[in-house]
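A quick write-up on the structure given underneath.
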């Protein structure tokens, strides 16, 4: 993924041109998303394989609903600003691009802190412990694997924002911004599947500590 | 002196030093931190959570020190470094120990890595085969035997992955008329990340070994006290990055880098096999990664994925427990199709070489092409046939038995095509052709013993016996090892410009083929007679002592024959004589260019104007330089 628009002076006819390279980058990123989907579907499969009992069928831990709902809303809102940033750079609107990128990263950070401080209970005391059998294992694995991708996304957004500030992207050639947007929407989409699987689907089992 | 300087400053040596330093610093730091937090860090050969962290970070240390990330770090800073081509002012041979983006260099790097690792894995096998040659324990104890067979399994798997990557990298781009892969830097990353993965994996041998086999089933893998198991899991896991990145790269390359006129059904048939394998690699590898991560996490962090709930109070509350069969599903969802990743390129080599040596068109090109895709698709829905004895509802077993038997259909398509291609051909029995025919015979043995294991009733009897060992080795030797050797002999003059000794090549073949047949059939026989796999010993009253000794002798024969090949190839490199540009009379694009291939493969773009396999037809042309095509 080239973060930079460029045009080599001496183009070897055997090597791809910039526009051919961008087409390949795009397919490469989609294949990467496909690959990652196998990871996330395997995690979802794990959740439905383990979170069952003979009496209730599919179950879930009885976790606090309100914070998770709010943080999910924050993450979805961040996708809106990511899209806004991409549209802005394609219209050469630098101001909107800059603040939309920063806002996306900021909302991503709010989501991340929400997961780590509230859902994992680093600030409030955990509802679920790491060692709480299959509940703890699957909950921390799914939120943790997703959070890892959110961290990657935020880093990518900040890098691209910084390079955008230097004027490296144009309205015609801003592959890095597009790549950033595809990845961020993808990470968002994963949470759209994870949130109901963790918080909504199945009979709630009360936790005792 | 210059040579020593080039070696010491190479990416390989820098990377290894970087990895060692990082591992040491991170490990010491983690241990101090954990001591300060009040944890006990004196259990076992090393402190497990610290060791895991050190191993993971050490890979980044390797890649940074080797310079794999350099261009990407510059991009983060906003620069745009061009691709570096050539040896950067150093001798040509230093390209193979430095980070190089050329697909042919990377292909050869993979090839060398594959052969080195193959020798190591083979050596381990010979050690425990010597132990098994007689009943009773002679010179190994149980732990050593367990470590040896576990290491043999995973080391050979790493060697196979390097071997297919060697073929796909070297041949893929040039066969479709491209100058390189779509993502040359990512390609270099794929190769270089497999080196620190291999060091982590090999470190398992010195930090206590492990006794879980290469499958690492919980609950044994989550409770064993042989701490090499963590390094094995992490080395296996990190190798997955290499698989995913190179699979992705080859898919995109094939979609976008084909020469003008090269429609999908006019690509050399090997490319179809390579792409099918690459699609599998790019996707399913994720699930084994997850399975391995779960074991690592259960051991190091206490996440209990695989521990069933036993506390009656918790069961009363409705709490769910962990489940060891979950691991088996995730593991085999990858690891069964993984064997198709290994054999598809090999079967592609067979289809690629047969028309050349029979001087006839490949029979049923489209069927062969689509059978590769078919094997990849059907092969992805058969995984639970490894679990017939694992405690699965019978309603799950029957569909998996049926889908398993369905694999025979696309595989059968390939066999019939090979037979029809050979039919009434003008055969030439050069060394590569001999290995192709050997591959077909051995793969047939593996294929015919497959349905016996795919059928529930017979599998119940033969599960975990030496019959499985015989079947598995036949499929992998027939589907990978023999075709890989055929490919090495066939493209050796193309890659090096030198010709090996035909006599030594034939000697290699005539030792290895009977050696393998004896080994595999005898393994199957001892399995039927009651020999269990993964067991260090057997009773003399089983009546299989002679068979066991025979297997050991056959194994030694195979080992010696491979040494003959390496001797043959290395000696040929020193010969003054240049190989002819197209020794086999091939029509494939790579034989249009001089040997060894130039930096960008062709002088200029090429164009496809005919069918790829019209051997024996006088007025048919496959590829021409685009400048000569006239349009």
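Residue-wise test of (1) over 19 Å from the mean Cα position of the chain (by Cα); (2) modelled with pLDDT of 95 or more; (3) on the phi > 0 side of the Ramachandran plot; (4) within 11 Å of another protein chain (Cβ to nearest Cβ).
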residue: B:265; (1), (2), (3), (4): yes, yes, no, no
residue: B:271; (1), (2), (3), (4): no, yes, no, no
residue: B:282; (1), (2), (3), (4): no, yes, no, yes
residue: B:287; (1), (2), (3), (4): no, yes, no, yes
residue: B:291; (1), (2), (3), (4): yes, yes, no, yes
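Please work out which one of (1) within 30 Å of residue A:60 (Cβ to Cβ); (2) assigned to a loop (DSSP other than H, G, I, E, B) is the condition residue B:360 fails and give its number. It is condition (1) that residue B:360 fails.
Let's see how each residue does on (1) surrounded by fewer than 20 Cβ atoms within 10 Å (Cβ to Cβ); (2) assigned to a helix (DSSP H, G or I):
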{"position": "A:103", "(1), (2)": "yes, yes"}
{"position": "A:121", "(1), (2)": "yes, no"}
{"position": "A:131", "(1), (2)": "yes, no"}
{"position": "A:137", "(1), (2)": "no, yes"}
{"position": "A:140", "(1), (2)": "no, yes"}
{"position": "A:150", "(1), (2)": "no, yes"}
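Of the residues that sit in segment B:305-346 and are at the interface with chain A (Cβ under 8 Å from one of its Cβ atoms) and buried (at least 23 other Cβ atoms within 10 Å of the Cβ), which one is farthest from residue B:235 (Cα to Cα)? Top of the filtered list is B:320.
Scan segment A:85-136 for residues that are within 11 Å of another protein chain (Cβ to nearest Cβ) and modelled with pLDDT of 95 or more and the total you get is 0. Every condition in (1) more than 22 Å from the chain's Cα centre (by Cα); (2) free of Cβ contacts under 8 Å to residues at least 24 places away in the same chain is met by residue B:403 except one, and the failing one is (2).
Select from segment A:137-156 the residues that are without any contact (Cβ under 8 Å) to a residue 40 or more places away in the chain and under 24 Å from residue A:66 (Cβ atoms) and write down the one among them that is nearest to the other protein chains (Cβ to nearest Cβ). If you could, list the steps in order and put the result at the bottom.
Start the filter on segment A:137-156 by keeping residues that are without any contact (Cβ under 8 Å) to a residue 40 or more places away in the chain, which leaves A:140, A:144, A:147-148, A:151-152, A:155-156.
Within this subset, residues satisfying the condition of being under 24 Å from residue A:66 (Cβ atoms) are A:140, A:144, A:147.
Values: A:140: 6, A:144: 9, A:147: 14 Å.
Here the answer is A:140.
Here segment A:80-101 is the region considered, the condition is being in contact (Cβ under 8 Å) with a residue 60 or more places away in the chain and crowded, with 16+ Cβ neighbours inside 10 Å, and the residue that is farthest from residue A:152 (Cα to Cα) is A:90.
Every residue, every condition in (1) under 29 Å from residue B:236 (Cβ atoms); (2) within 25 Å of the chain's Cα centre (by Cα), yes or no:
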residue: B:76; (1), (2): no, no
residue: B:79; (1), (2): no, no
residue: B:96; (1), (2): yes, yes
residue: B:105; (1), (2): yes, yes
residue: B:123; (1), (2): yes, yes
residue: B:142; (1), (2): yes, no
residue: B:147; (1), (2): yes, yes
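Is at least one residue of segment B:526-549 assigned by TED's automatic domain parsing to the domain that holds residue B:137, closer than 23 Å to residue B:439 by Cα and surrounded by fewer than 18 Cβ atoms within 10 Å (Cβ to Cβ)? Scanning segment B:526-549 turns up no residue that is assigned by TED's automatic domain parsing to the domain that holds residue B:137, closer than 23 Å to residue B:439 by Cα and surrounded by fewer than 18 Cβ atoms within 10 Å (Cβ to Cβ). The set of residues in segment A:157-171 being closer than 13 Å to residue B:78 by Cα and either assigned to a helix (DSSP H, G or I) or more than 13 Å from every other protein chain (Cβ to nearest Cβ) (or both) consists of A:158, A:159, A:160, A:161, A:162, A:163, A:164, A:165. Against the criterion of being part of a loop (DSSP other than H, G, I, E, B) and within 14 Å of chain A (Cβ to nearest Cβ), residue B:81 qualifies. Restricting attention to segment A:22-48, the residues that are buried (at least 18 other Cβ atoms within 10 Å of the Cβ) and either closer than 16 Å to residue B:282 by Cα or facing another protein chain (nearest Cβ under 8 Å) (or both) add up to 14. For segment B:10-43, residues that are out of contact with any helix residue (DSSP H, G or I) (no Cβ under 9 Å at 6 or more places or on another chain) and outside any helix (DSSP H, G or I) total 4.
Looking at B:87, B:55, just one residue is away from chain A (no Cβ under 14 Å), touching a helix residue (DSSP H, G or I) at 6+ places or on another chain (Cβ under 7 Å), assigned to a helix (DSSP H, G or I) and more than 20 Å from residue A:155 (Cα to Cα), and that residue is B:55. Taking segment B:120-169 as the range and being touching a helix residue (DSSP H, G or I) at 6+ places or on another chain (Cβ under 7 Å), in a helix (DSSP H, G or I) and closer than 15 Å to residue B:538 by Cα as the test, the residues that pass are B:128, B:129, B:130, B:131, B:132, B:145. With respect to being modelled with pLDDT under 90, part of a helix (DSSP H, G or I) and out of contact with any strand residue (DSSP E or B) (no Cβ under 8 Å at 6 or more places or on another chain), residue B:627 fits the description. Between B:150, B:182, the distinction of being touching a residue at least 24 places away in the same chain (Cβ under 8 Å), buried (at least 22 other Cβ atoms within 10 Å of the Cβ) and either outside the structural domain of residue B:622 (by TED's automatic domain parsing) or more than 18 Å from residue B:257 (Cβ to Cβ) (or both) belongs to B:150 only.
For (1) within 24 Å of residue B:69 (Cβ to Cβ); (2) within 14 Å of chain A (Cβ to nearest Cβ), each residue gets a yes or a no:
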site: B:183; (1), (2): yes, yes
site: B:189; (1), (2): yes, yes
site: B:218; (1), (2): no, yes
site: B:226; (1), (2): no, no
site: B:233; (1), (2): no, no
site: B:244; (1), (2): yes, yes
site: B:268; (1), (2): no, no
site: B:274; (1), (2): no, no
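For the structure I just gave you, tell me whether residue B:93 is surrounded by fewer than 18 Cβ atoms within 10 Å (Cβ to Cβ) and away from chain A (no Cβ under 14 Å). Criteria met by residue B:93. Going through (1) more than 11 Å from chain A (Cβ to nearest Cβ); (2) surrounded by fewer than 23 Cβ atoms within 10 Å (Cβ to Cβ); (3) at negative phi one by one, residue B:261 falls short only on (3).
The values are calculated or read from the model by the stated rules, or taken from the named source; none is laboratory data. As the structure is a prediction and not an experimental result, all values here were calculated from the model. Ideal geometry is used to build each Cβ from the backbone, glycine not excepted, and the neighbour counts take in all protein chains shown.
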